[in-house]
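Comments concern the structure below.
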Amino acid sequence: MVAVMLSGMRKSVQTELDEFFAHLKEQAQLVHHVSEQAFAKARAKLSTTAIPALNDWLVERADADGFVPRWRGRRLVAADASTLRFGRRASHVARAASADQIAFGLYLPGAEMMLAASLHSVHEGERQMLFQHLDRLSGADLLLMDRGYPSRWLVAALNARGVGFCMRVEKAGNAGFACVRDFLRDAADERIVTLAAPDRRDAADYECPATAQTVRLVRHVASTGKVRVLMTNLLDPVAFPAHEFGDLYHQRWRIEEAFKRLKHRLNLEHVSGLSQQAALHDFAAKIVCDNLQSLATGTVLREASLPPTRRINRAAAHSILKPLLPALLLGADIATRLLDALRLIAGRTYSHRPGIIKSKPRVARPKSHKFMNQKPC
């Protein structure tokens, strides 16, 4: 049952089950071996923490095997959230899933893997979601954040835990920190400043010291000419040069690409059930499925000598791996076929021009609902 979910369910449950057993038997014709109702009954007994625990084990193994690179001895972790609108239909299911939810994730840009991810109510803020995941971070990590996260209590909480961070802090008008506005008026490339202590109520709620915090501001001019201000608690200008923070912060964009990949290639918003439990299972399973594809492409990059102008086609990697996942996840002896698949992935590349960044402003528009009957055939 878990192997079926980890293979990346995008279609109707019955079609996915029939394809799974067809791939397991290495035949093209669909095999009707398990019914959709039996799958639903079995899944109802599965804990919602089982698949996230499997992802923790997978990331731990990947890190131990050297798939998670370091920047100056620190593991880069990007934090962000994305709006989800699950496919829906009218039902009377007990504890039905809300159609509108927020997906929060901690992402490893170098490994292209999701460290942790969770679903939240639309009434929760991104900073609150991040606070709930701070125990996943340590002093060996460097947290990358965008402009939705800066706050005095968050800086104090990260400093108290010894977690390094780099966040974008400049805001339009008179919004944001006064020290950041003063820094923008100056011509300096960097400056050490002191933030006021967080409110006592925030300090009590978020378990952080109610004391002033010393941080470092770094000016970065983007390729478009836009001036950004990055705040960090890495104060040593020799160990952490200011000119490296622009490229460092840019790696945060990988989590945006990850959410786009999950939504469009793995159909994250098409759920296989109507309950919140089913939504949690589908969400966690697709995170693991995407991480497995990242490990496969990472293995190819290790072995293949690709020129800097070529990149692995992740869409092709998904199509190549999906027929193999049933046997692979169930421990079948498919070493030869797996090597053939990795060679095939290595041959499916596209042209990439390093140093050329195409900036496309995001168009604000309402997010439409995807209905259950609009899944792929």
Based on what the data block shows, is PHE165 assigned to a helix (DSSP H, G or I) and either on the phi > 0 side of the Ramachandran plot or hydrophobic (A, V, I, L, M, F, W, C) (or both)?
-> no
What about ARG216, is it closer than 20 Å to CYS166 by Cα, at pLDDT 95 or above and in a strand (DSSP E or B)?
-> yes
Can you give me the number of residues within the range 187-232 that are touching a Cys at 6+ places or on another chain (Cβ under 9 Å), surrounded by 13 or more Cβ atoms within 10 Å (Cβ to Cβ) and under 19 Å from LEU158 (Cβ atoms)?
-> 10
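When you look at ARG74, is it closer than 26 Å to LYS367 by Cα and either at pLDDT 95 or above or of a type outside the set (Val, Ile, Thr) (or both), yes or no? Lay out the reasoning, then the answer.
Values: closer than 26 Å to LYS367 by Cα: no; either at pLDDT 95 or above or of a type outside the set (Val, Ile, Thr) (or both): yes.
Answer is no for this residue.
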Find the strands (runs of 3 or more DSSP E) located wholly in the range 25-127 whose residues include 1 or more that are free of Cβ contacts under 8 Å to residues at least 40 places away in the same chain and of a type outside the set (A, V, I, L, M), and list them.
-> 100-108, 113-120
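Looking only at the range 11-25, decide whether some residue is of a type in the set (Asp, Glu), closer than 30 Å to PHE245 by Cβ and buried (at least 18 other Cβ atoms within 10 Å of the Cβ). Reasoning before the result, please.
We begin by selecting, within the range 11-25, every residue of a type in the set (Asp, Glu); these are 16, 18-19.
Within this subset, residues satisfying the condition of being closer than 30 Å to PHE245 by Cβ are none.
Looking through the range 11-25, none of the residues is of a type in the set (Asp, Glu), closer than 30 Å to PHE245 by Cβ and buried (at least 18 other Cβ atoms within 10 Å of the Cβ).
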The number of residues in the range 241-264 that are surrounded by fewer than 21 Cβ atoms within 10 Å (Cβ to Cβ) and in a loop (DSSP other than H, G, I, E, B) is 2
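State all residues of the range 294-314 that are of a type in the set (Lys, Arg) and closer than 16 Å to ASP340 by Cα; if no residue qualifies, say none.
Scanning the range 294-314 gives a single hit, ARG302.
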When you look at THR309, is it farther than 19 Å from ARG261 by Cβ and among the β-branched types (Val, Ile, Thr), yes or no?
-> yes
Inside the range 302-344, can you point out the residues that are part of a loop (DSSP other than H, G, I, E, B), over 23 Å from ILE51 (Cβ atoms) and not hydroxyl-bearing (Ser, Thr, Tyr)?
-> ALA304, LEU306, PRO307, PRO308, ASN313, ASP333
Only one of (1) among the polar types (S, T, N, Q); (2) farther than 22 Å from GLU16 by Cα; (3) assigned to a loop (DSSP other than H, G, I, E, B) is not met by ASN267, so which one is it?
-> (2)
Hits in the range 186-211 - residues which are assigned to a loop (DSSP other than H, G, I, E, B) and either of a type in the set (D, E, K, R) or out of contact with any helix residue (DSSP H, G or I) (no Cβ under 9 Å at 6 or more places or on another chain) (or both) = ASP186, ALA187, ALA188, ASP189, ASP199, GLU207
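The values are calculated or read from the model by the stated rules, or taken from the named source; none is laboratory data. Bear in mind the structure is a predicted one, so any value in this text is a computation, not a measurement. Here Cβ is always computed from backbone atoms with ideal geometry, including for glycine, and neighbour counts include all displayed protein chains.
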